[in-house]
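Quick notes on the structure that follows.
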Amino acid sequence: MTILDRLRRGLGATRSLLAERMGAAQWKVSSAALEEVLLAADVGVEAAEALAGEFERARSRGEVATGQELEFLRGFVRRQLAAANRPVSRGNPHVTLVVGVNGTGKTTTAAKLAAAVQARGGVPLLVAADTFRAAAVEQLQTWGGRLGVPVISHRPGADPGAVVFDALQAATSRGATDVFVDTAGRLHTKHNLMAELDKVRRVCSRAVPGSPHEVLLVMDASTGINGLTQAREFRSHGGATGVVLTKLDGTAKGGVVLAVARELELPVRWIGVGEAADDLLPFDPEAFTTALLEGLA
Ligand SMILES: Nc1nc2c(ncn2[C@@H]2O[C@H](COP(=O)(O)OP(=O)(O)O)[C@@H](O)[C@H]2O)c(=O)[nH]1
Ligand SMILES: [Mg+2]
């Protein structure tokens, strides 16, 4: 199956919702109807208003030919998603922190990211910096065992900073190309835990200057735009540089990708479309837009 096919399947629920709502064709002549469709897919008020407004203006200027409405929509979505994208400079080793609230898919995503590095011939290392729960360390070790990726861990309750420091030393001596640090789930409102994240970042920069190269905020897509408030905190206080949107496979709220790009101004880097190791797809604005909107109306 091609990436596009997998994307289409992963976005199935969102596509169905859009197909149903857009089938009525009201949206082609009424910006209010278009806004309603977009809000139903959790695009967020800001992006929905902007898109509907732009559509209305373009239509009144005669720039949207009959039959070209969907094409206009696709162009807008593609531009919005591409605008938030920016290149990441690679480190050696490339250090990525995986952060977010509980249960969004951080541990699974860290493992999937390691699998992706393996698949392209790199040497990944996983770090169990969620020392808060014994089960979290075991979960990552299970993934490591399954993938054949080493996992650096300390005993439960250990200082996450110490685990990360050890891991980065190990990464250098083992010639790891990519290090993925799984962190404990934390609420953005818990200041001591956000401070702990700060400390982990400082430890990284001491052990590998310039790191962490990426701080990926893992968001559960089924939470939709309700996840934006926490995301803002992780951006301003947790140093998030990009987003992984998980569980897109189980939700019709795939439009949240647009809200992330527009309201958070954070690039979506990866999307999760299932629980298996290869159910993580690199985010590409062009492919995503095609998979979401192609052939809908
Ligand atoms: N369907 C689906 N399930 C996912 C995805 N990512 C993670 N999960 C599941 O979500 C649950 C929580 O994941 P976990 O990695 O433990 O979350 P954490 O608490 O943030 O570390 C697990 O059952 C995962 O298998 C995804 O993209 N799609
Ligand atoms: Mg976890």
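Data for the structure
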item: Subset of region 175-198 [at pLDDT 95 or above and over 16 Å from A110 (Cα atoms)]; result: G175
item: Single residue of region 264-295 satisfying the filter (among the charged types (D, E, K, R) and farther than 19 Å from L73 by Cβ) that is nearest to ligand 1 (Cβ to nearest atom); result: E275
item: Region 93-132 - residue that is in a loop (DSSP other than H, G, I, E, B) and away from ligand 1 (no atom under 11 Å from the Cβ) and, of those, nearest to G148 (Cα to Cα); result: V123
item: Given (1) among the aliphatic types (A, V, I, L, M); (2) within 16 Å of ligand 1 (Cβ to nearest atom); (3) closer than 20 Å to G91 by Cα, index of the condition L168 fails; result: (2)
item: Options A158, A176, A110, A167; residue that is under 29 Å from A221 (Cα atoms) and hydrophobic (A, V, I, L, M, F, W, C); result: A110
item: Matching residues, region 211-241, being part of a helix (DSSP H, G or I), hydrophobic (A, V, I, L, M, F, W, C), within 16 Å of ligand 1 (Cβ to nearest atom) and in contact with a helix residue (DSSP H, G or I) (Cβ under 7 Å, 6 or more places away or on another chain); result: A221, A231
item: Qualifying residue in region 177-196 (condition: closer than 30 Å to A252 by Cβ, among the aromatic types (F, W, Y) and either within 16 Å of ligand 2 (Cβ to nearest atom) or in a helix (DSSP H, G or I) (or both)); result: yes
item: Pairs with Cβ under 7 Å, 6+ apart, first in region 265-281 and at positive phi, second more than 16 Å from ligand 2 (Cβ to nearest atom); result: E265/A84; G274/D249
item: Test for V244: is it touching a strand residue (DSSP E or B) at 6+ places or on another chain (Cβ under 9 Å) and over 29 Å from V163 (Cα atoms); result: no
item: Region 209-240, residues that are among the hydrophobic types (A, V, I, L, M, F, W, C) and under 18 Å from T183 (Cα atoms); result: V215, L216, L217, V218, M219, A231, F234, A240
item: Some residue of region 162-176 being more than 30 Å from L4 (Cα to Cα), within 24 Å of the chain's Cα centre (by Cα) and not in a helix (DSSP H, G or I); result: yes
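Rundown of residues vs (1) touching a strand residue (DSSP E or B) at 6+ places or on another chain (Cβ under 7 Å); (2) within 16 Å of ligand 2 (Cβ to nearest atom); (3) farther than 16 Å from A277 by Cα, yes/no style:
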site: L113; (1), (2), (3): yes, yes, no
site: A134; (1), (2), (3): no, yes, yes
site: R155; (1), (2), (3): no, no, yes
site: A158; (1), (2), (3): no, yes, yes
site: G161; (1), (2), (3): no, no, yes
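The values are calculated or read from the model by the stated rules, or taken from the named source; none is laboratory data. None of these values were measured; they are calculated from a predicted model. In this analysis, Cβ positions are derived from the backbone assuming ideal geometry, glycine residues included, and neighbour counts consider all displayed protein chains.
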